[in-house]
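K.L.:
Handing you this structure, nothing more for now.
The values are calculated or read from the model by the stated rules, or taken from the named source; none is laboratory data. Only a predicted model underlies this, so the values are computations on that prediction, with no experimental measurement involved. Glycine gets a Cβ as well: all are built from the backbone with ideal geometry, and neighbour counts include every protein chain shown. Ligands, DNA and RNA are stripped out before the accessible areas are found, and what is left, the full protein with its side chains, is counted by its heavy atoms. Shrake-Rupley method; radii C 1.70, N 1.55, O 1.52, S 1.80 Å.
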Amino acid sequence: MTDDLASLEAETVAALSAAGDLRAWDAIRVGVLGKSGRLTLLLKALGALAPEARRARGEALNVLRDRLAAAIEARRLALEADALAARLAGERIDITLPPPPATEGLIHPISRAMEEIVAIFGAMGFTVAEGPDIETDWHNFGALNIPAHHPARADLDTFYLPPAEADGAPLVLRTHTSPVQVRSMLSAPPPIRVIVPGRTYRADHDATHSPMFHQCEGLVIGQGITLGHLKGCLIDFLRAFFALPDLPVRFRSSYFPFTEPSMEVDIGWDRKSGEIGGGKDWLEILGSGMVHPKVLANCGIDPREWQGFAFGMGIERVAMLKHGITDLRPFYESDLRWLRHYGSNPLAPAMLHEGL
Ligand code: PHE
């Protein structure tokens with residue numbers, strides 16, 4: 001290679017390694033390989049040479065062009081990799097830091113309570129199931145062992161809708177989330193472990209009742225499931241939800257048509273101060289029981305082989321207790337002052353240890 005080519009190569013290689021970014025790199029590329037780049041001009045000058053000299057010079061120039069092109073490309077890749085590494089280092093997020101305070105847009109306390117309930121039961125292996133708000137009479141009552149003239153129907157002030165099917169049975173706005181027990185059992189064979197947060201409806205309106213409210217149902221079906229499993233599961237849940245590891249929990253015999261035996265679950269509190277976990281009083285917090293054999297059979301499950309438990313709780317109720325809210329109505333009034341006070345940070349995930 002002649003001296004001028006050797007120095008073109010040396011200078012280009014030195015300039016490339018000095019180029020700190022892609023702009024400097026591009027200027028070098030254009031200066032060598034561009035339309036009036038140094039190598040391009042040398043190639044253009046070939047035409048003026050005698051044929052013998054042209055062949056030797058042409059070969060040398062071609063070799064040099066390939067080497068320079070390779071060096072230029074290699075430098076581009078290196079600069080791009082550096083740029084990416086710098087960007088990644090600059091944009092690193094420390095996920096262990098607490099989230100910044102939310103300035104706009106908070107999570108409604110009902111949504112937050114649902115998220116917490118789902119997080120706690122999720123950790124126990126439950127999945128979330130859903131069903132329609134408008135239910136058939138059979139899913140809401142019949143399959144749950146509440147026949148047509150059962151007094152339990154009168155207890156629940158039901159909103160009825162005109163019948164949709166030829167059998168003339170009315171549709172209802174579901175009065176509880178329990179019809180999703182039926183839907184879950186019909187949709188997949190056991191074992192089953194689901195929770196069902198959702199809207200429910202009863203014709204009732206005062207400081208502690210709203211015609212639309214929220215419940216969360218739970219259903220576990222398996223082999224060898226006992227009352228002990230029900231108790232352990234609900235004690236663990238309540239202690240996690242209220243973030244009180246020693247929260248007193250009491251099971252009190254009760255009646256629901258769809259469970260046998262049935263139990264009301266109470267937590268310890270102080271009636272005077274409203275303090276959860278303290279004092280000598282008991283507060284009813286949810287309904288539960290072993291799924292009635294008739295309900296299992298209605299859903300195509302053999303009660304001699306499978307058994308399970310179910311429970312249902314009011315979400316407003318547990319949210320009110322957790323946050324010391326005494327009136328139900330502001331939950332639905334969209335008063336921004338109330339929402340700002342009781343709303344929670346959307347950037348902070350629902351934690352099991354989030355306490356009172
Ligand atoms: N569905 C009942 C209610 O609305 C609660 C419940 C659910 C009780 C499951 C027992 C088992 O009051």
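K.L.:
Confirm whether residue 112 is over 20 Å from the mean Cα position of the chain (by Cα) and either in contact (Cβ under 8 Å) with a residue 60 or more places away in the chain or not assigned by TED's automatic domain parsing to the domain that holds residue 195 (or both). Give the steps one after another, and end with the answer.
P.N.:
Details: over 20 Å from the mean Cα position of the chain (by Cα): no; either in contact (Cβ under 8 Å) with a residue 60 or more places away in the chain or not assigned by TED's automatic domain parsing to the domain that holds residue 195 (or both): yes.
So residue 112 fails the test.
K.L.:
Kindly check whether there is at least one residue in the range 141-157 that is free of Cβ contacts under 8 Å to residues at least 60 places away in the same chain and in contact with a strand residue (DSSP E or B) (Cβ under 7 Å, 6 or more places away or on another chain).
P.N.:
From the range 141-157, those free of Cβ contacts under 8 Å to residues at least 60 places away in the same chain are 141, 147-149, 151, 153-157; that's our starting set.
Okay, now just the ones that are also in contact with a strand residue (DSSP E or B) (Cβ under 7 Å, 6 or more places away or on another chain), so none.
No.
K.L.:
I'd like to check which strands (runs of 3 or more DSSP E) are fully inside the range 94-203 and have at least 3 residues that are within 16 Å of the ligand (Cβ to nearest atom) and modelled with pLDDT of 95 or more. Give the derivation first.
P.N.:
Numbers: elements: 134-136, 171-173, 192-201.
Hits in the range 94-203: 192-201.
K.L.:
Sort through 338, 269 and tell me the only one that's crowded, with 17+ Cβ neighbours inside 10 Å, more than 16 Å from the ligand (Cβ to nearest atom) and more than 30 Å from residue 186 (Cβ to Cβ).
P.N.:
Values: 338 fails: crowded, with 17+ Cβ neighbours inside 10 Å.
When all the criteria are applied, what remains is 269.
K.L.:
Suppose we filter 290, 263, 313 for residues that are within 14 Å of the ligand (Cβ to nearest atom), at pLDDT 95 or above, touching a Cys at 6+ places or on another chain (Cβ under 7 Å) and in a strand (DSSP E or B); which single one remains? Walk me through how you get there before you give the answer.
P.N.:
Values: 290 fails: touching a Cys at 6+ places or on another chain (Cβ under 7 Å); 263 fails: touching a Cys at 6+ places or on another chain (Cβ under 7 Å).
Just one listed residue meets the conditions, 313.
Each row is one residue, and each column tells you yes or no for (1) under 17 Å from residue 215 (Cα atoms); (2) out of contact with any Lys or Arg (no Cβ under 8 Å at 6 or more places or on another chain); (3) polar (S, T, N, Q).
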| site | (1), (2), (3) |
| --- | --- |
| 121 | yes, yes, no |
| 133 | yes, no, no |
| 137 | no, yes, no |
| 148 | no, yes, no |
| 164 | no, yes, no |
| 172 | yes, yes, no |
| 181 | yes, yes, yes |
| 192 | no, yes, no |
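K.L.:
Now a separate question. Need the failing condition index for residue 257 against (1) over 17 Å from residue 317 (Cβ atoms); (2) of a type outside the set (Asp, Glu); (3) away from the ligand (no atom under 14 Å from the Cβ), just the number.
P.N.:
(3)
K.L.:
Please work out which one of (1) under 54 Å from the mean Cα position of the chain (by Cα); (2) in a loop (DSSP other than H, G, I, E, B) is the condition residue 25 fails and give its number.
P.N.:
(2)
K.L.:
With closer than 30 Å to residue 342 by Cα and either touching a Ser or Thr at 6+ places or on another chain (Cβ under 9 Å) or open to solvent by 50 Å² or more (accessible area, probe 1.4 Å) (or both) as the only criterion, which of 91, 104, 80 stands out? Break it down stepwise before answering.
P.N.:
Working: 91 fails: closer than 30 Å to residue 342 by Cα; 80 fails: closer than 30 Å to residue 342 by Cα.
Only one candidate passes the filter, namely 104.
K.L.:
Continuing with this model, one more query. Pick out the one residue from 279, 268 that is over 30 Å from residue 141 (Cα atoms) and assigned to a strand (DSSP E or B). Walk me through it before giving the result.
P.N.:
Values: 279 fails: assigned to a strand (DSSP E or B).
So the residue among 279, 268 that is over 30 Å from residue 141 (Cα atoms) and assigned to a strand (DSSP E or B) is 268.
K.L.:
Sticking with this one: If you take the residues in the range 204-254 that are away from the ligand (no atom under 16 Å from the Cβ) and among the aromatic types (Phe, Trp, Tyr), which one is nearest to the chain's Cα centre (by Cα)?
P.N.:
Restricting to residues being away from the ligand (no atom under 16 Å from the Cβ) and among the aromatic types (Phe, Trp, Tyr), the top hit is 241.
K.L.:
Looking only at the range 278-292, which residues are surrounded by fewer than 16 Cβ atoms within 10 Å (Cβ to Cβ) and either closer than 21 Å to residue 309 by Cβ or not assigned by TED's automatic domain parsing to the domain that holds residue 321 (or both)?
P.N.:
Residues of the range 278-292 surrounded by fewer than 16 Cβ atoms within 10 Å (Cβ to Cβ): 278, 280-281, 284.
Across the range 278-292, the qualifying residue is only 284.
K.L.:
Output the residues belonging to the range 240-258 that are open to solvent by 80 Å² or more (accessible area, probe 1.4 Å) and not in a strand (DSSP E or B).
P.N.:
Answer for the range 240-258, where residues must be open to solvent by 80 Å² or more (accessible area, probe 1.4 Å) and not in a strand (DSSP E or B): 245, 246.
K.L.:
To continue, here is another question. Name the residue that is farthest from residue 64 (Cα to Cα), counting only residues in the range 11-42 that are of a type in the set (Gly, Ala, Ser) and open to solvent by 60 Å² or more (accessible area, probe 1.4 Å). Even if it seems obvious, please write down each step before you answer.
P.N.:
Narrowing the range 11-42 to residues of a type in the set (Gly, Ala, Ser): 14-15, 17-20, 24, 27, 31, 34, 36-37.
From the residues that got through so far, the ones that are open to solvent by 60 Å² or more (accessible area, probe 1.4 Å) too are 17-18, 20, 27, 36.
Numbers: 17: 18, 18: 20, 20: 24, 27: 19, 36: 17 Å.
Checked the range 11-42; the qualifying residue farthest from residue 64 (Cα to Cα) is 20.
K.L.:
Regarding the range 63-72, can at least one residue be identified that is exposed (fewer than 11 other Cβ atoms within 10 Å of the Cβ) and either in a helix (DSSP H, G or I) or outside the structural domain of residue 330 (by TED's automatic domain parsing) (or both)? Quick ask: steps written out before the conclusion?
P.N.:
Taking the range 63-72 and keeping what is exposed (fewer than 11 other Cβ atoms within 10 Å of the Cβ), we get 66, 70.
Still in the list and also either in a helix (DSSP H, G or I) or outside the structural domain of residue 330 (by TED's automatic domain parsing) (or both): 66, 70.
Yes, that holds for at least one residue.
K.L.:
Right, another one. Looking at residue 187 and the list (1) touching a residue at least 60 places away in the same chain (Cβ under 8 Å); (2) closer than 17 Å to residue 127 by Cβ, which single condition is not satisfied?
P.N.:
For residue 187, the failing item is (1).
K.L.:
Among the listed residues 296, 321, identify the single one that is within 16 Å of the ligand (Cβ to nearest atom) and outside any strand (DSSP E or B). Before you say what the answer is, go through the steps one by one.
P.N.:
Numbers: 321 fails: within 16 Å of the ligand (Cβ to nearest atom).
Of the residues listed, the single one that is within 16 Å of the ligand (Cβ to nearest atom) and outside any strand (DSSP E or B) is 296.
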